[in-house]
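Encoded as structure tokens, the structure appears first; notes follow it.
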Amino acid sequence: MLTSTIYYTMLTRSYSKTLATTATDPTVQRETQYFQANIGKVKSVDDLLKNDKLYTYVMKAFGLSDMSYAKGLIRKVLTGGVANPKSLANTLNDPRYKALATAFNFAANGAQTTSSASVQKTTINDYVEQALETNVGKTSPGAKMALYFQRMAPNITSAYSILGDKTLLNVVETAFGLSSSISFQNIDQQAKTISGLLKISDLQKPAYLQKFIERFTANYDAQNPTSASATPTNALQITSPGISQNLLLSIANLPQGGR
């Protein structure tokens with residue numbers, strides 16, 4: 001079994017090609033084709049909420065699958081937009097809601113919202129990343145968390161963004177060896193603790209973000225030692241339930257390069 005450090009490194013050594021490989025998965029292709037063919041027909045928040053396949057696709061793309069049942073909440077997030085600092089998307093600490101409302105900004109763009117090529121591209125890219133993370137998580141929860149933090153980093157604007165997302169918080173707790181009992185503190189004290197350890201603005205710097213994630217995966221692996229060999233060669237001989245052997249081999253053979 002691969003350590004999360006090795007698995008994450010393999011997946012991100014040429015991240016764009018890893019995503020391209022993920023996008024060829026038959027299920028991902030089928031769902032994406034449906035999204036592309038039908039999202040332009042959505043002219044309002046209610047149109048989106050009424051189409052279960054599109055709604056499910058969008059919710060997964062923005063990491064909100066666990067909140068798909070809460071259509072009333074999502075309606076308020078989308079109708080409120082992001083222009084008003086007091087809108088629901090801006091007052092919820094969880095950065096996923098603001099990312100969703102920013103992309104699907106019906107409040108500002110009305111019926112033209114879904115016809116935007118940028119909105120469609122962002123949603124599809126996020127969906128593919130989510131699909132990758134979901135599959136990776138079946139084999140390596142630590143690598144999944146690292147990929148998630150990497151993807152969400154641009155949306156982290158304060159310590160409260162981290163506190164509002166349990167996965168982001170878990171990554172930070174693991175990276176700095178914080179006890180989960182921090183959650184019993186006053187939320188402002190929690191934010192102060194995190195801000196004292198992590199300069200939030202530095203997460204926008206690729207080099208700093210990479211070092212932070214390496215710190216997380218190293219600590220995660222130390223806390224969750226694997227009993228099997230951590231060498232890529234041995235691990236790639238095992239068929240994973242989340243990532244096929246062919247996909248792992250394809251990823252392992254990718255040339256070195258940037259994202």
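The values are calculated or read from the model by the stated rules, or taken from the named source; none is laboratory data. All of these numbers come straight from a predicted model, not from anything done at the bench. Quick reminder, even Gly has a Cβ in these numbers, built from the backbone with ideal geometry, and neighbours come from all protein chains shown. The protein model used for the area step is the full one, side chains on, heavy atoms only, and it has no ligands, DNA or RNA in it. Shrake-Rupley method; radii C 1.70, N 1.55, O 1.52, S 1.80 Å.
Below are the figures for this structure:
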item: Full-stretch length increase - residue 68, residue 19 - with 0.36 nm per residue and alpha-carbon distance subtracted; result: 15.2 nm
item: The chain, helix-only ellipticity at 222 nm - DSSP H runs n ≥ 4, -39,500 (n - 2.57), divided by all residues, nearest 500; result: -18500 deg cm²/dmol
item: Solvent exposure, largest accessible area first (probe 1.4 Å, DNA, RNA and ligands not counted), of 187, 182; result: 187, 182
item: Relative contact order [Cα under 8 Å, 6+ residues apart], the chain, whole percent; result: 30 percent
item: Rough spin-label spacing in nm, given labels placed 7 Å along Cα→Cβ, for residue 223 and residue 180; result: 0.9 nm
item: The stretch 4-223, accessible area per residue, ligands and nucleic acids excluded (1.4 Å, Å²); result: 46 Å²
item: Simple spin-label estimate for residue 47 and residue 29 in nanometres, 7 Å along Cα-Cβ; result: 2.9 nm
item: Eligible lysines near residue 41 by straight Cα distance, threshold 25 Å, same-chain separation 8 or greater; result: 50, 53, 60, 71, 76, 98, 121
item: Portion, in percent, of the accessible area of the chain that falls on carbon or sulfur, probe 1.4 Å; result: 53 percent
item: Percent of C-alpha pairs per 10 Å bin, the chain, short to long; result: 7, 28, 33, 24, 8, 0
item: Backbone HN-Hα couplings from phi across the stretch 49-64 [Karplus 6.51/-1.76/1.60, Hz, Gly and Pro as x]; result: 5, 7, 9, 4, 5, 5, 4, 4, 4, 5, 4, 5, 4, 9, x, 10
item: The stretch 14-23 - phi-based ³J(HN,Hα) in whole Hz, Karplus 6.51/-1.76/1.60, Gly and Pro as x; result: 8, 4, 4, 6, 4, 5, 4, 5, 4, 5
item: Cubic angstrom per residue, convex hull over Cα atoms of the stretch 155-196; result: 64 Å³
